[in-house]
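Below: the structure, in structure tokens.
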């Protein structure tokens, strides 16, 4: 039996498949299940640019991981995923970010800098913008998908100008994202 895992940062219905898995190995049922799980997370009204959730799927078994800003979000997201038809079990490894006024201020300053910049205005009004800003004890991680290397570098530069202890960019370009999926140019 082929073990299939779908994994994603649940942003803008993004489907990221690890390089070790080929698109042909992924079962249609896991693809459909993934899309339904992604929809549940994206439609959760408390899911913000300061949260980042990933899902791995293997024959109906779902592993949730990532970071959220409040404990109730972790529980709510697990309940939403459990309700998806076809999910047989859920392992919730989502972690809750610690409460910190410094982290909160850093989140807001970075989000204002990124989404207030003219290069990102088109994303600012989206219900689930593509760049998520996770701040944990002064360390910043940018996660999501951006159009090009220019936007990736710009977002990293903007995030690094507010005194964070560290800024890590886990942003992918659209081209890298399509390559990960095994999909060619549109």
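The values are calculated or read from the model by the stated rules, or taken from the named source; none is laboratory data. Nothing here was measured: the structure is a model prediction, and the numbers come from that model. Note: ideal-geometry Cβ built from the backbone for every residue, glycine included; neighbour counts use all protein chains shown.
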Complete set of residues in region 124-145 that are free of Cβ contacts under 8 Å to residues at least 40 places away in the same chain and either in the same structural domain as residue 71 (by TED's automatic domain parsing) or closer than 19 Å to residue 160 by Cβ (or both): 137, 138, 139, 140, 142
Search result, residues across region 96-106 that are surrounded by 12 or more Cβ atoms within 10 Å (Cβ to Cβ) and within 30 Å of residue 57 (Cα to Cα): 96, 97
Quick one: count up the residues across region 38-74 that are at positive phi and more than 14 Å from the chain's Cα centre (by Cα). 2
Members of region 148-166 found to be surrounded by 14 or more Cβ atoms within 10 Å (Cβ to Cβ) and either at pLDDT below 95 or touching a strand residue (DSSP E or B) at 6+ places or on another chain (Cβ under 7 Å) (or both), listed by number: 152, 155, 156, 159, 160, 162, 164
Is there any pair with a first residue in region 169-186 that is over 13 Å from residue 145 (Cα atoms) and a second that is modelled with pLDDT of 80 or more whose Cβ atoms are under 9 Å apart and which are 6 or more apart or on different chains, and what are they? 185/175
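Conditions tested, residue by residue: (1) modelled with pLDDT under 90; (2) under 15 Å from residue 132 (Cα atoms); (3) surrounded by 14 or more Cβ atoms within 10 Å (Cβ to Cβ).
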| residue | (1), (2), (3) |
| --- | --- |
| 9 | yes, yes, yes |
| 67 | no, yes, yes |
| 70 | no, no, yes |
| 80 | no, no, yes |
| 85 | no, no, no |
| 92 | no, no, yes |
